[in-house]
Amino acid sequence: MAQHMTLADWLAANTEDSEQGRALAQALCALAEATARIGHLVRKGPLLPHPEDPASIRGAIEGHANAILMEAARTAPVAHYASEDLNTVAILDDTAPLALAVDPLDGASSIDGNATIGTIFSVFPRAINPEASFLRPGDEQIAAGYVMHGPATVLVLTLGQGTAVFTLDPDTTTFRQTQPTLQTPVDAAAYAINAANYRHWDAPIRAYIDDCVEGAAGPREKDFKMRWVASLVAETHRILTLGGVFLYPRDDRPGHEQGTLRHVFDVAPIAFVTEQAGGGATDGSRRVLETAPEGLHDRAPLVFGSCSKVDRVRRYHTDPDFQDTAAPLFGTRGLFRA
């Protein structure tokens, strides 16, 4: 049986022999142990103590997940801890060198359906001001990733030098490397979007999806598959391994004008992981990692996946032939036949 390097050994080999490097390795090991505990809770599901209302299972797991992650952060060299479940940044040790942002339980609304869920995380160097640790361009992340609780518990991690995959060994509760380099296919005939919001999208997004739906008879001249799981972690892992494009654009629904996903907790880390896996990530027209949020819980659009697909969506937004009009966009646009 092949031997797989442990996460701890991989981190020791891939972080610098410096205060920040050693701190990063320690923090990520603590984070990994915490997500393994969260995975145990997820697997117990309805067996956890909870009120009779089945929907309360989600609340019980969510509350535990954030507490477990904060406890792990307290044992690590983390100065500032930000969670999608907290309104403000928690100051843990203001002398520590790192700042940790987490979405403790992405896809929690799918728990009752026993669907794949996970944890998303991002690590920055600590800034002097707690919020300033996170209100910065995504390019300043020093690590990011996600843990997916599916048939296997999988950790996908980047330190800015490629993206690696680790799988939790259920016999030892140790993460072991199972894929040294995750490389996203350059192209694939698949897209993921919540089509129920079609009427609320901007014209470029509608045009892109219309052309995909027309399939071989339309300007793209090939058939596409559509997928939608409603769990960002699950969507991300499928896109990064099989290729295609994920779209969660802004739309005109109240509260979604700037997007739906949280910039700090979802958009920036997923964009970082995607780019390091050879993919692309934009807000539709601009590279996500060059943008910075103004508030801790600001929302943002996200389009990521195979580079050819992400670039095509950008062209739908930026080409002068695609302006917002009241009329449907034409299906014979020669520019997009290639």
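On the basis of being under 15 Å from the mean Cα position of the chain (by Cα) and more than 17 Å from Leu69 (Cβ to Cβ), does Val147 make the cut? Can you show your working first?
Details: under 15 Å from the mean Cα position of the chain (by Cα): yes; more than 17 Å from Leu69 (Cβ to Cβ): no.
Spelling it out, it is not the case that Val147 is under 15 Å from the mean Cα position of the chain (by Cα) and more than 17 Å from Leu69 (Cβ to Cβ).
Just need a number here: residues in the range 259-307 that are of a type in the set (Lys, Arg) and either touching a Ser or Thr at 6+ places or on another chain (Cβ under 9 Å) or in a helix (DSSP H, G or I) (or both).
The first filter runs over the range 259-307 and keeps only residues of a type in the set (Lys, Arg), leaving 262, 286-287, 299.
From the residues that got through so far, the ones that are either touching a Ser or Thr at 6+ places or on another chain (Cβ under 9 Å) or in a helix (DSSP H, G or I) (or both) too are 299.
The number of residues fulfilling the criteria is 1.
For the range 142-184, name all the residues that are on the phi > 0 side of the Ramachandran plot and hydroxyl-bearing (Ser, Thr, Tyr).
Selection gives Thr173 alone.
Among the residues of the range 216-250, write down those that are assigned to a helix (DSSP H, G or I) and touching a Lys or Arg at 6+ places or on another chain (Cβ under 7 Å).
Hits for the range 216-250 are Ala216, Arg238.
Quick one: would you say Tyr198 is surrounded by fewer than 16 Cβ atoms within 10 Å (Cβ to Cβ) and over 30 Å from His4 (Cβ atoms)? Lay out the reasoning, then the answer.
Details: surrounded by fewer than 16 Cβ atoms within 10 Å (Cβ to Cβ): yes; over 30 Å from His4 (Cβ atoms): yes.
In short, yes.
So that you can scan it fast, the table gives a plain yes or no per residue for (1) more than 20 Å from Tyr248 (Cβ to Cβ); (2) outside the structural domain of Leu31 (by TED's automatic domain parsing):
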{"position": "Tyr146", "(1), (2)": "no, no"}
{"position": "Gly160", "(1), (2)": "yes, no"}
{"position": "Pro170", "(1), (2)": "yes, no"}
{"position": "Thr173", "(1), (2)": "yes, no"}
{"position": "Thr184", "(1), (2)": "no, yes"}
{"position": "Arg199", "(1), (2)": "no, yes"}
{"position": "Ala203", "(1), (2)": "no, yes"}
{"position": "Trp228", "(1), (2)": "no, yes"}
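Taking the range 119-135, which residues are without any contact (Cβ under 8 Å) to a residue 12 or more places away in the chain and β-branched (Val, Ile, Thr)? Give the steps one after another, and end with the answer.
Here is the first cut: in the range 119-135, the residues without any contact (Cβ under 8 Å) to a residue 12 or more places away in the chain are 128-129, 132.
Correct list: Ile128 only.
Taking the stated definitions as given, is Ala99 surrounded by 22 or more Cβ atoms within 10 Å (Cβ to Cβ) and assigned to a helix (DSSP H, G or I)? It would help to see each step written out before you state the result.
Details: surrounded by 22 or more Cβ atoms within 10 Å (Cβ to Cβ): yes; assigned to a helix (DSSP H, G or I): no.
No: the conditions fail for Ala99.
How many of the residues making up the range 39-82 are over 22 Å from the mean Cα position of the chain (by Cα) and of a type outside the set (A, V, I, L, M, F, W, C)?
Filtering the range 39-82 down to residues over 22 Å from the mean Cα position of the chain (by Cα) leaves 44-57, 60, 71, 74-77, 79.
Now drop any that are not of a type outside the set (A, V, I, L, M, F, W, C), which leaves 44-46, 49-54, 56, 71, 74-75, 77.
Residues in the range 39-82 being over 22 Å from the mean Cα position of the chain (by Cα) and of a type outside the set (A, V, I, L, M, F, W, C): 14 in total.
For the range 83-111, what are the residues that are under 15 Å from the mean Cα position of the chain (by Cα) and small (Gly, Ala, Ser)?
Selection gives Ser83, Ala101, Gly107, Ala108.
Could you name every one of the strands (runs of 3 or more DSSP E) located completely within the range 111-208 that has at least 2 residues being in contact with a Gly (Cβ under 7 Å, 6 or more places away or on another chain)? Outline the logic, then answer.
Numbers: elements: 117-125, 143-149, 153-158, 163-169, 174-179, 190-192.
Per the criteria, 117-125, 143-149, 153-158, 190-192.
Looking only at residues in the range 272-308 that are free of Cβ contacts under 8 Å to residues at least 24 places away in the same chain and surrounded by fewer than 19 Cβ atoms within 10 Å (Cβ to Cβ), which one is nearest to the chain's Cα centre (by Cα)? Spell out the reasoning first.
The initial filter retains those residues of the range 272-308 that are free of Cβ contacts under 8 Å to residues at least 24 places away in the same chain, namely 275, 286-287.
Remaining after also requiring surrounded by fewer than 19 Cβ atoms within 10 Å (Cβ to Cβ): 286-287.
Working: Arg286: 17, Arg287: 15 Å.
Checking each candidate, the answer is Arg287.
For the range 17-65, enumerate the residues that are modelled with pLDDT under 95 and polar (S, T, N, Q).
Ser18, Gln20, Ser56
Mind telling me which of the residues Leu247, Leu242 ends up being in contact with a strand residue (DSSP E or B) (Cβ under 6 Å, 6 or more places away or on another chain), at pLDDT 95 or above and surrounded by fewer than 24 Cβ atoms within 10 Å (Cβ to Cβ)? Reasoning before the result, please.
Details: Leu242 fails: in contact with a strand residue (DSSP E or B) (Cβ under 6 Å, 6 or more places away or on another chain).
That would be Leu247, the only listed residue that is in contact with a strand residue (DSSP E or B) (Cβ under 6 Å, 6 or more places away or on another chain), at pLDDT 95 or above and surrounded by fewer than 24 Cβ atoms within 10 Å (Cβ to Cβ).
In the range 102-130, what count of residues is obtained for those that are surrounded by fewer than 18 Cβ atoms within 10 Å (Cβ to Cβ) and touching a Ser or Thr at 6+ places or on another chain (Cβ under 9 Å)? Let's see the steps before the verdict.
From the range 102-130, those surrounded by fewer than 18 Cβ atoms within 10 Å (Cβ to Cβ) are 109-110, 112-115, 125, 127-129; that's our starting set.
If we keep only those that are touching a Ser or Thr at 6+ places or on another chain (Cβ under 9 Å) too, we end up with 109-110, 115, 125, 127.
Of the residues in the range 102-130, 5 are surrounded by fewer than 18 Cβ atoms within 10 Å (Cβ to Cβ) and touching a Ser or Thr at 6+ places or on another chain (Cβ under 9 Å).
All but one of (1) in a helix (DSSP H, G or I); (2) surrounded by 20 or more Cβ atoms within 10 Å (Cβ to Cβ) hold for Asp311; which doesn't?
Result: Asp311 passes all but (2).
Regarding Thr88, is this residue among the hydroxyl-bearing types (Ser, Thr, Tyr), part of a loop (DSSP other than H, G, I, E, B) and either touching a Leu at 6+ places or on another chain (Cβ under 6 Å) or at negative phi (or both)? Give the derivation first.
Numbers: among the hydroxyl-bearing types (Ser, Thr, Tyr): yes; part of a loop (DSSP other than H, G, I, E, B): yes; either touching a Leu at 6+ places or on another chain (Cβ under 6 Å) or at negative phi (or both): yes.
For Thr88, the condition - among the hydroxyl-bearing types (Ser, Thr, Tyr), part of a loop (DSSP other than H, G, I, E, B) and either touching a Leu at 6+ places or on another chain (Cβ under 6 Å) or at negative phi (or both) - is met.
Look at Val233 and say whether it is in contact (Cβ under 8 Å) with a residue 60 or more places away in the chain and either of a type in the set (Asp, Glu) or in contact with a helix residue (DSSP H, G or I) (Cβ under 6 Å, 6 or more places away or on another chain) (or both). Before the answer, list the steps.
Numbers: in contact (Cβ under 8 Å) with a residue 60 or more places away in the chain: yes; either of a type in the set (Asp, Glu) or in contact with a helix residue (DSSP H, G or I) (Cβ under 6 Å, 6 or more places away or on another chain) (or both): no.
Against the criterion (in contact (Cβ under 8 Å) with a residue 60 or more places away in the chain and either of a type in the set (Asp, Glu) or in contact with a helix residue (DSSP H, G or I) (Cβ under 6 Å, 6 or more places away or on another chain) (or both)), Val233 does not qualify.
Residues that are out of contact with any Pro (no Cβ under 7 Å at 6 or more places or on another chain), outside the structural domain of Leu135 (by TED's automatic domain parsing), assigned to a helix (DSSP H, G or I) and buried (at least 17 other Cβ atoms within 10 Å of the Cβ): does the range 251-258 have at least one? Let's see the steps before the verdict.
Taking the range 251-258 and keeping what is out of contact with any Pro (no Cβ under 7 Å at 6 or more places or on another chain), we get 251-258.
From the residues that got through so far, the ones that are outside the structural domain of Leu135 (by TED's automatic domain parsing) too are 251-258.
Restricting the remaining residues to those that are assigned to a helix (DSSP H, G or I) gives none.
Among the residues of the range 251-258, not one is out of contact with any Pro (no Cβ under 7 Å at 6 or more places or on another chain), outside the structural domain of Leu135 (by TED's automatic domain parsing), assigned to a helix (DSSP H, G or I) and buried (at least 17 other Cβ atoms within 10 Å of the Cβ), which makes the answer no.
The values are calculated or read from the model by the stated rules, or taken from the named source; none is laboratory data. Treat the numbers as computed from the prediction; the structure is a model and nothing was measured. A quick note on method: Cβ atoms are made from the backbone with ideal geometry, for glycine too, and the neighbour counts reach across all protein chains shown.
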